[in-house]
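Reading through the C-alpha cells given below for one structure.
The values are calculated or read from the model by the stated rules, or taken from the named source; none is laboratory data. All values derive from a computational prediction rather than experimental measurement. Here Cβ is always computed from backbone atoms with ideal geometry, including for glycine, and neighbour counts include all displayed protein chains. When the accessible area is computed, the model is the full protein with side chains, heavy atoms only, and any ligands, DNA or RNA have been set aside. Shrake-Rupley method; radii C 1.70, N 1.55, O 1.52, S 1.80 Å.
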Amino acid sequence: MNQPTIKLLPQHQQTILSHAESVYPQECCGLIMGYVADKVKIVVEVIPTANAWETEADNFTQEINQTNITSPASSLKRRYAIAPQVMLQVQREARDKSLNIIGIYHSHPDHHAVPSECDLLYAWAGYSYIIVSVQKGIASDILSWSLDDHHQFQSEIIDNIT
C-alpha cells in the first residue's frame with residue numbers, strides 16, 4: 001500500500017507557516033480546500049481561520065473530560081477549534097468551486113508536529129491534518145497526518161508542487 005500523499009504549492013505551505021508564526025504562542029488553525037485524484041489529495045486553496053477555542057470549548061469539554069487528556073481545556077496554546085459557521089461557509093465556497101474541504105491545519109507551539117491525544121479525539125476520516133511545530137516563534141517542522149482504518153494517525157507525504 002502506498003503512503004498517503006498531499007500535494008500543495010509552495011505558497012500554500014508558506015501561508016500555513018506564516019499563519020503559525022503570526023499567532024504564536026497560540027495555536028493557529030485553518031482549512032484546506034482541494035480535491036482527490038488517484039488517491040492523492042491536491043490542495044487548491046488554504047484558508048486561515050481564527051482559533052475559536054475560547055468560544056467553542058464547551059462543545060468539546062465533555063469528551064475531553066471522559067479521556068485521560070489532562071492539559072487545560074481553555075488554553076489557546078494547546079487547543080484549536082474552527083467555528084461551525086466558518087466550516088459551513090467554506091464548505092459552501094468549496095462546493096461552488098467543485099472542490100471539497102480535504103484537510104485542516106494547525107500549529108503546535110513549542111511542541112513537535114505530531115498529533116496529540118486531543119487531535120486524535122476530534123479527527124475525521126478522509127481529512128489530512130497538517131501540523132506545524134513552532135519553536136520560540138519560528139516554524140520548524142511541517143508534517144501531515146491522516147487516519148487509517150483503525151482511527152490511528154499515519155504520516156502522509158507532503159509533496160510540494162513546483
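In table form, for the structure just shown:
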{"read-out": "Number of the condition not met by residue 151 [criteria: (1) in contact (Cβ under 8 Å) with a residue 24 or more places away in the chain; (2) surrounded by 15 or more Cβ atoms within 10 Å (Cβ to Cβ); (3) assigned to a loop (DSSP other than H, G, I, E, B)]", "value": "(2)"}
{"read-out": "Within segment 26-38, tally of residues that are open to solvent by 40 Å² or more (accessible area, probe 1.4 Å) and either aromatic (Phe, Trp, Tyr) or touching a helix residue (DSSP H, G or I) at 6+ places or on another chain (Cβ under 6 Å) (or both)", "value": "1"}
{"read-out": "Selection status of residue 41, in a strand (DSSP E or B) and surrounded by fewer than 19 Cβ atoms within 10 Å (Cβ to Cβ)", "value": "no"}
{"read-out": "Pairs with Cβ under 6 Å, 6+ apart, first in segment 104-132 and closer than 19 Å to residue 86 by Cα and among the β-branched types (Val, Ile, Thr), second open to solvent by 40 Å² or more (accessible area, probe 1.4 Å) and part of a strand (DSSP E or B)", "value": "none"}
{"read-out": "Every residue from segment 112-122 that is modelled with pLDDT under 95 and assigned to a loop (DSSP other than H, G, I, E, B)", "value": "116"}
{"read-out": "Test result for residue 144, surrounded by 15 or more Cβ atoms within 10 Å (Cβ to Cβ), among the polar types (S, T, N, Q) and part of a strand (DSSP E or B)", "value": "yes"}
